[in-house]
């Protein structure tokens, strides 16, 4: 018998499960389980990716300078305080690797993104789950959970899978109330869907204990290329740069992301279309007796009477070739997370849920 054992905490990890992509026996299923942009990336991003294919024999730029400049210009940020990663998941992993270890605690909320817990355990630290209030981040509960062992606090704003968010005043109150040895991480994967919201960048500028993460996987439709970034104080970005691999982002990914963020017309179109059909879908589901909280992301968290009803509805949707996401793993067993697709997808989902609810109760 082998005595080879992994680091403490790793065997406590339940591997992350992505959204289902296929239904047995159905060849043209509509995938609404991973919060992907139904319209895909812009033509400019696809063309940049195509052109990058001619230099695939060359190593990519390790400093991501052109992409960081483009991000900085678009958001009005300092490019020297931006770091890029293989999706914002990698940035989350960097933060846990750099700031949390055995004996340390990392706070996340009860319905928070699963990678917070996974990255915490992977580095030997202890995840601390804090309650939410009616599926909304509770600042007072987070502050009460902080102690001398706390090193990081992760909140997604808007949150996944609830779609809810807290205001900038509450985020600032959280940042101000944290002990001075704690770093606040604002996960802004869905920030682009909120009109006028900076994702927390102004708070990063004003303080030394806040980091903002972002992604190109959602609004920009580049989930398949895995591109994320973070903006933070110089002392944090310097630390993260020491644990980042030199070639963690491919040349094709960098080129596509730069083109995507400069194509503001496509991003604006996707944002407007998402808002229109998100509102329509929420109202349509409510008319069928399926409520949801006001979502500020690109999905709806549909609530059912109980877990059995949610799972039965999911089974019915699959039979109709519609793939949504069960979220029992996020402590929401009576809910289904439904990505906002294009018009046809939204209408199909609403019709299928209506069919199910007509016979379920």
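Overall size of the stretch 197-293 from C-alpha positions, given as principal axis extents largest first: 52, 33, 23 Å.
Multiplying each eigenvalue of the alpha-carbon gyration tensor of the stretch 321-361 by 5 and taking the square root yields semi-axes of 19, 16, 6 Å, largest first, rounded to whole angstroms. Here the scattering of the stretch 129-236 is modelled by Debye summation over its C-alpha atoms, one equal scatterer each and no solvent; at q = 0.10, 0.12, 0.22 Å⁻¹ the log10 of I(q)/I(0) is -0.28, -0.40, -1.27. Each listed q (0.14, 0.19 Å⁻¹) maps to a log10 I(q)/I(0) for the stretch 83-157 from the Debye sum over equal C-alpha point scatterers, namely -0.41, -0.73. Distance between the pseudo-spin-label points of residue 4 and residue 331 (7 Å out from Cα toward the beta carbon): 3.7 nm. The alpha-carbon atoms of the stretch 58-263, seen along their principal axes, cover 49, 37, 30 angstrom, with the largest extent given first.
Along its three principal directions, the equivalent ellipsoid of the stretch 123-168 from the Cα gyration tensor extends over semi-axes of 20, 12, 9 Å, largest first.
The convex hull defined by the C-alpha atoms of the chain has an orientation-averaged projected area of 20.0 nm². Over all pairs of different C-alpha atoms in the stretch 197-247, the reciprocal of the mean inverse distance, the Kirkwood hydrodynamic radius, equals 12.2 Å. Each part reduced to its alpha carbon centroid, the stretch 266-337 and the stretch 66-145 end up 25 Å apart.
Applying a 10 Å radius around every beta-carbon, put 324-337, 3-16, 341-354 in order of their mean neighbour count, most first. Don't jump to the answer; show the numbers that get you there.
Numbers: 324-337: 20.1, 3-16: 10.4, 341-354: 18.4.
Highest to lowest by the protection proxy: 324-337, 341-354, 3-16.
For the stretch 4-77, the equivalent ellipsoid derived from the alpha-carbon gyration tensor has semi-axes of 32, 26, 16 Å in decreasing order.
The numbers here are math on the coordinates, done by the rules we state, and not lab data. From a predicted model like this one, the values you see are computed outputs, not experimental measurements. Positions of Cβ are backbone-derived with ideal geometry, glycine not excepted, and every protein chain shown enters the neighbour counts.
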